[in-house]
Every structure is written in C-alpha cells, then in structure tokens.
1. Within 10 Å of each residue's Cβ, count the other Cβ atoms and sort 40, 13 from fewest upward.
2. Based solely on C-alpha atoms, express the radius of gyration and the Dmax of the stretch 11-157 in angstrom.
3. Most exposed first by the Cβ proxy, i.e. fewest other Cβ within 10 Å, how do 118, 35 rank?
4. Can you say what percent of the DSSP beta bridges in the stretch 11-157, counting only those with both residues inside, are antiparallel? Round to 5.
C-alpha cells in the first residue's frame, strides 16, 4: 500500500517563520513608537503656537485699551487660562513640581516660578536623555522700533 506524502511544515520551517514574524513585529512596533513620539511633539508645538497667539492677542487688547500696566499680571497668569478650552492632557497647577509624583505625561503650571511645563512621556526621544520636561515662561521684551513693552512665551529648558 502506498501512503500519501505528509503535508505541513517541518519544525525548521516553522521556526524560521516564527523568527521572521518576530523580527517584523519588532520593527513595526519600533516604527509605531517613533510615529507616536512625532505626533506628541507635533501636538506640543501646536499648543505652544496657540498659546503664543493667545498671548499676542491678549497683550494687544490690553495695550489698545490703555491697560499696558496689566501686562505684568498677564505675565504671571497661567497660560492655559488664555485658551477657550484647556487641552485634554492639562493636569493642573502644582506648587511643588515633581514629575515622579505626577507620573503621567501632560501639561502642568508650576505656580512657584510661573512657568508652563510639559512632562514628556519618553525623555530619551526628545532631548537625548538630558531632561524629562519642557519648560515655557512668559518673558518681557521691548520692541526696538516703538520702545514698547511686549510679552513672549519662550522655552527656557528642555
């Protein structure tokens, strides 16, 4: 009697298939992580641009209405208050900013030095491991042409 040939994978073929699938999975997971980090940085840049626009608008309104001395109060204000809606990853105001205690990524306002801080989800990917947060602060400057006071939201660390 003639037996039909066996069909299916040999153990070696199965092991090679598993190794190729594992290598592809590792590569794809790494790429997804890179895309997530790029999306996080793009969202951070977009929010900082919105805050700068809101600051410029408020400062211009104050100066146009003759309340230029109110710029000092605006510089001490939480920048998230300038937006019509706070972002979903805004975590609130903190007097003693300890990223380990907060434990998640997002925006916080440090009331001690009046700075807006973004806690990074993966510090190594943003600044080569040198900082775990991005810090922004409102600064005064004089415009050279008009010699008037103005404000700017500048990155001071990270």
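Every number here is computed from the coordinates shown, using simple stated rules; none is lab data. Small disclaimer: the values here were computed from a predicted structure and weren't measured. Neighbour counts are summed over all protein chains in view; Cβ atoms, including those assigned to glycine, are modelled from backbone coordinates with ideal geometry.
1. Lowest to highest Cβ neighbour count: 13, 40.
2. Calculated on Cα positions, Rg and Dmax stand at 21.3, 82 Å.
3. If I rank by nearby Cβ atoms, fewest first, I get 35, 118.
4. Details: 18 of 22 bridges.
Among the beta bridges of the stretch 11-157, antiparallel pairing accounts for roughly 80 percent.
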